[in-house]
Each structure stands twice: as structure tokens, then as C-alpha cells.
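For reference, the structure is listed below as C-alpha cells.
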Amino acid sequence: MAEKQSNLGIIAILVGLALLIGAANALYVVRIDQFAIVLEFGKPVRVVDEPGVYVRIPFVQNVQLLDKRIIAWDDQAQEVLTADKKRIYISSFARWRIGDPLKFYTAVRDETVAQMNLDKIIGEDVREVVSKHILDALVRDTDRKLTYTEVNKGTQRTEAETDTKGGRSVIVKAIRERSITELSETFGISLIDVNIKQLNYTERAQEATIRQMISEREKVAARYEAEGQKQAQDIGGRQKEEVLGLQATAIRESLALQGAARAEATEIKAAAFGLDPDFFSFVQTLDLYEKALTQNTELVLNTDMPLLQLLDANAPLTGKMKKNDLAVDELLKKLTPVEPLLLEESTITP
């Protein structure tokens, strides 16, 4: 009897423990940042979106908790060909949350599978939208027409305008509008925001772009160098013209001054010698001797020539030209007697 009572006590304890365990399993807690999907034999039957403690049927119902907070999604860089045939690497990011917990659980079950679907949907939408726009629109955020300068042949410049169709904000809005509907209707995902994180040229495009930039800079440098050389030549030409002009002016002024001086000297001489023509003739003859009869001069002339009358000691002087005149004496002292020479090719005959 005692043994029977002992067994009943053990059974009662086991039953009590089972009831406690069942009661504990019947309770579940939903936090403020969570959704709860109640599953009955694996099939979702209801959604609990309010925080608190709830009861479920043990061994019949299960609870799947989902995150109610905003979740980040980041895309891997992918190669895209823009509308103006530029190959670029572009990466994007998005922020999303579970909008319809029941539809979300039915479609993807958990966050990992949801992220894989975001990679496919948003990634394809990014490629589709970006490929319809030019690169200038991706790097700008305005609807103003882009104006830039191209360097063509020589120094010619042309202005070109490109309509960027609103810039990056319009492109991002188009991506979001394409993705938001499918994510919401198919997966129960509420897309909060999507944007472009980074873009860059591909390696081949980078090399081509760098070469193009170098070529354009070299063209600009060559154009500036040519313009500088032309300006230098123009400046040098103007300087030469100014120098030649100054020299011509100086020569002209110098000749004018010399001519005026000679004219004035001639007038003075004419006025002075006009008082005594014989004295004028005497002075002119002395000047001629001084200039013509140098140390190496050889003349073969008759002594009875008028030119040599001042050299002949016996020749009579006319007027005021007296033999004892000081100027004649001084000149005769300087001159050496001229010896008669035979006629040669270099001699002067009367």
C-alpha cells in the first residue's frame, strides 16, 4: 500500500511538472519592436503586432517573431552601360521594413531570403533606370542644362548643352517607384528609401578617360602655347617697329640738325667771306691742302697751276694774301717739298 502511494506521488509530481512546462510553453512575449506570426500546425493563422504577453495552444501552435525595425540593404557594385555609352560601376543602398508580416512570412519566411530578393529586384531596377540616362545626370542633382566647353581644331571653341533630365534625384525616384510596388505586393516589404551609394568608371573606361583627359589637356596646353608664341611674335614685331621708328626719327632729326648747322655755317661763312673774296679763296685753298696733302700723298703737277701757287715761294700773292701771312707760313712748314715723279697709273695729271 505504501509503495502504491509512493508511485502515485511520483506520477502527480510528473503531471505537475508537465502542466508547468505546458503552461510555460503556452505563454509568449512580443516586444515593441517585433511582429508575432501564430502558426497552427505550420500554417499562419494570425498576426500579433502589439507588445505584451500572449497565450498559445501548446504543441498545436507555434510563434514566429519578425523584426519591426528598419533594416538596411546594401548592393554590390555592378557594371552598367549608360545612355551615352559610358561603362561604370555603380552601387546602391536601401532601407526597408516589413509592411505586411503575414504576406512577408508567406513569401520569404525570414530576413535573409528577403535580402536576396532585394538584391534581385532593386539591382535590376538600378541597371534598367541608369542605362536610360547619361553619366552627367548621375553625377548632378539639378534640372539645369549642363554647359561645357570643348576644344576643337586650333583655337576654336564650341559650347555644348546636355539635358540631364533632372539629375540624380529623378533617377533615384524612378528606381524607387519601380521597386516599391513589386516589393510591397509580392513580399510585403515597405521600401522606405533607395539611393546611389557610389559610382565609378570601369578599369578600361578609367584608362580611356584618363587618356582622353590627358589628350584634351595637351590640346589646351598646345593652344595656349601657340597663342603665347603668337603674342610673343606680335610683341617682338611691335618692339622692332618701335625701335626702327625711333632710330629713323633720331636719324631724321640728326640729319635735319646737321643740315641746319651746315646751312647756318655756310651762311656765316658766306657772310664772313663775302667781305673779302680773296681771303675766302685763300682759306679754301688751305683747307684743300690740309685734307688732300697728307703724309702719303703723291702728286705730279705743274708748279704753275693755280692750286700750287701758295706752295711756290716765288709766286706773287694777290690782294691781302701776302707771303709773310702767318697761315701760309705755318702751312709751308708742315708740307714737305714734292719731288717730280714719272707718270704712273696712280698719278694725277693736269
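Derivation of every value follows stated rules applied to the coordinates shown; laboratory data play no part. Predicted model, so just to flag it, every value in this text is computed and none were measured. Positions of Cβ are backbone-derived with ideal geometry, glycine not excepted, and every protein chain shown enters the neighbour counts.
Quick look at the values:
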read-out: Distance between modelled label sites at Leu257 and Glu111, nm, 7 Å Cα→Cβ extension; value: 10.1 nm
read-out: Computed E for Asn200/Lys230 - FRET, C-beta separation, R0 35 angstrom, nearest 0.05; value: 0.30
read-out: Calculated FRET value between Gln64 and Phe93, using beta carbons and R₀ = 25 Å, to 0.05; value: 0.35
read-out: Full-extension gain in nm, Glu242 to Leu102, via 0.36 nm per residue minus C-alpha separation; value: 41.0 nm
read-out: Exceeding the 27 Å Cα-Cα cut-off - candidates Lys86/Lys230; Lys103/Lys197; Lys86/Lys197; Lys68/Lys173; value: Lys86/Lys230; Lys103/Lys197
read-out: Segment Asp141-Ser169, extension gain: residue separation times 0.36 nm, minus the distance between their alpha carbons; value: 9.5 nm
read-out: Residues with amide H under 5 Å from that of Asp141, placed H, sequence gap 5 or more; value: Arg168
read-out: Per-residue ³J(HN,Hα) for segment 257-271, Karplus 6.51 cos²θ - 1.76 cosθ + 1.60, θ = phi - 60°, Hz, x for Gly and Pro; value: 5, 4, x, 5, 5, 4, 4, 5, 5, 4, 4, 5, 4, 4, 5
